[in-house]
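For reference, the structure discussed in these notes is given below.
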Amino acid sequence: MTTLSNHVPDPRLITAFAERRDGPLHRINPWTKVGIVGALVLAVTVFDRLVLLSGLYGAVLLVYGLAGLPYGRLAGWYAFPMLFIVSVAGPLAFLEPGVPIGGALSTPLGALSITWGGVVLFAELSFRSLTVVTFALTASMTTTYTDVAYILGRLLPRPIDQIALLTYRFTFVIIETLEDLVKAALSRGANFSEFWSNKRLYARILGMTMLSAIEQSERLVTSMEARGYDGDITLYGDVPRPPVHELLLVVGSYVAIVGYTAVTMDGGGL
């Protein structure tokens, strides 16, 4: 939604990168990307060292660049995950015991300070979240819609797979409707710089978007039923099995993570 905000991932731009670009990651089997996503989720869950987490994030960031994807867009899209990180990890960082950095701040609830342990905790949670978010964006921007639809149809049970596919397709309609409403409000002198002073305008735009979405969804269902839709979107694509070297990469990733877990549980450390 570049017209609305540079901090929200635009599904049209993501789809354009997936359909019209041809980078190294575009040629990797989609099943391999699904396996790597699972390995990354497992890795950021079991890794408990800042060095490992930062190295893993750096590797994912390098893969993002090698795929030919824009770092500038990624920096803007980090706004949403960073908002979640700050809201969750921020308070935890102040509660972490240790030596205070720069002294303590007096509050009505007592002295409040952040320690080196709190900084490390905040960094660890940030790397965990941004690693998965970055690779998820990388995979979505290098995988065509037909492959994504096929994989969703194989992984998700019915009717969840149909809901996911229809939601994705209808997202573009909602975005265009919302952008039209924003442009109309701006042409009439609206100002979106401050939220609280324009909260009624935000509420009206949101309400009109929801009403328009309901009306268009009803027309969409009627038109699909007229064309023979019976609750199943037929997919004519096919995603083959990954080649041997990609399978070895995925299996090796899981083996390395499980091996690290076994070593740390035994108290060996790395």
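The values are calculated or read from the model by the stated rules, or taken from the named source; none is laboratory data. These numbers were taken from a predicted model, which means no experiment stands behind them. No Cβ is skipped: glycine too gets one built from the backbone with ideal geometry, and neighbour counts run over all protein chains shown. Keep in mind that these areas ignore ligands, DNA and RNA; they rest on the heavy atoms of the full protein, side chains included. Shrake-Rupley method; radii C 1.70, N 1.55, O 1.52, S 1.80 Å.
Leu201 versus (1) modelled with pLDDT under 80; (2) within 18 Å of Ala164 (Cα to Cα): which is the lone unmet condition?
The one condition Leu201 does not meet is (2).
Given the structure, is Thr171 hydroxyl-bearing (Ser, Thr, Tyr) and surrounded by 15 or more Cβ atoms within 10 Å (Cβ to Cβ)?
Here the answer is no, as Thr171 does not meet what is asked.
With the condition kept exactly as written, say whether any residue in region 119-129 is at pLDDT below 85, open to solvent by 40 Å² or more (accessible area, probe 1.4 Å) and among the aromatic types (Phe, Trp, Tyr).
So far as region 119-129 goes, no, none of its residues is at pLDDT below 85, open to solvent by 40 Å² or more (accessible area, probe 1.4 Å) and among the aromatic types (Phe, Trp, Tyr).
Name the residues in region 204-227 that are among the small types (Gly, Ala, Ser) and at pLDDT 80 or above, would you?
If the condition is that a residue be among the small types (Gly, Ala, Ser) and at pLDDT 80 or above, then Gly207, Ser212, Ser223, Ala226 are the ones that fit.
Could you please tell me which pairs satisfy a Cβ distance under 6 Å, a separation of 6+ or placement on different chains, a first residue in region 205-229 that is among the hydroxyl-bearing types (Ser, Thr, Tyr), and a second residue that is assigned to a helix (DSSP H, G or I)?
Listed by first residue and then by second, the contacts come to Thr209/Thr177; Thr209/Leu178; Ser212/Thr177.
State whether one or more residues within region 234-243 are open to solvent by less than 60 Å² (accessible area, probe 1.4 Å), modelled with pLDDT of 80 or more and more than 29 Å from Asn29 (Cβ to Cβ).
Within region 234-243 (the criterion being open to solvent by less than 60 Å² (accessible area, probe 1.4 Å), modelled with pLDDT of 80 or more and more than 29 Å from Asn29 (Cβ to Cβ)), the answer is no, since none of the residues qualifies.
Between a residue in region 73-92 that is under 17 Å from Thr138 (Cα atoms) and any residue that is modelled with pLDDT under 85 and open to solvent by 10 Å² or more (accessible area, probe 1.4 Å), which pairs come within a Cβ distance under 6 Å, given they are 6 or more apart or on different chains?
Partner pairs satisfying both residue conditions: Gly76/Asn6; Gly76/His7; Trp77/Pro9; Ala79/His7.
Let's see how each residue does on (1) under 29 Å from Ile257 (Cα atoms); (2) part of a loop (DSSP other than H, G, I, E, B); (3) not polar (S, T, N, Q):
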{"site": "Trp31", "(1), (2), (3)": "yes, no, yes"}
{"site": "Asp48", "(1), (2), (3)": "yes, yes, yes"}
{"site": "Tyr57", "(1), (2), (3)": "yes, no, yes"}
{"site": "Leu62", "(1), (2), (3)": "yes, no, yes"}
{"site": "Arg73", "(1), (2), (3)": "no, no, yes"}
{"site": "Pro81", "(1), (2), (3)": "yes, no, yes"}
{"site": "Phe84", "(1), (2), (3)": "yes, no, yes"}
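Name the residues in region 11-52 that are among the charged types (D, E, K, R), over 14 Å from Tyr145 (Cβ atoms) and either in contact (Cβ under 8 Å) with a residue 40 or more places away in the chain or crowded, with 19+ Cβ neighbours inside 10 Å (or both), would you?
Residues satisfying the conditions are Lys33, Asp48, Arg49.
Step by step: first the residues of region 62-99, then only those that are small (Gly, Ala, Ser) and more than 23 Å from Trp116 (Cβ to Cβ), then the one that is surrounded by the fewest Cβ atoms within 10 Å (Cβ to Cβ). Which residue is that?
By that ranking, first place goes to Gly72.
Considering each residue of region 145-174, count those that are of a type in the set (A, V, I, L, M, F, W, C) and without any contact (Cβ under 8 Å) to a residue 60 or more places away in the chain, and give that number.
Total satisfying the criteria: 8.
Matching residues to (1) within 30 Å of Ile205 (Cα to Cα); (2) touching a Cys at 6+ places or on another chain (Cβ under 8 Å); (3) at pLDDT 80 or above; (4) in a helix (DSSP H, G or I):
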residue: Phe94; (1), (2), (3), (4): no, no, no, yes
residue: Pro97; (1), (2), (3), (4): no, no, no, no
residue: Gly103; (1), (2), (3), (4): no, no, no, no
residue: Phe135; (1), (2), (3), (4): no, no, yes, yes
residue: Val148; (1), (2), (3), (4): no, no, yes, yes
residue: Phe170; (1), (2), (3), (4): yes, no, no, yes
residue: Val182; (1), (2), (3), (4): yes, no, no, yes
residue: Ala185; (1), (2), (3), (4): yes, no, no, yes
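Can you tell me which residue within region 105-116, out of those that are of a type outside the set (S, T, N, Q) and exposed (fewer than 14 other Cβ atoms within 10 Å of the Cβ), is modelled with the highest pLDDT?
Result: Trp116.
Quick check: anything in region 13-20 at pLDDT 90 or above and either assigned to a loop (DSSP other than H, G, I, E, B) or hydroxyl-bearing (Ser, Thr, Tyr) (or both)?
no
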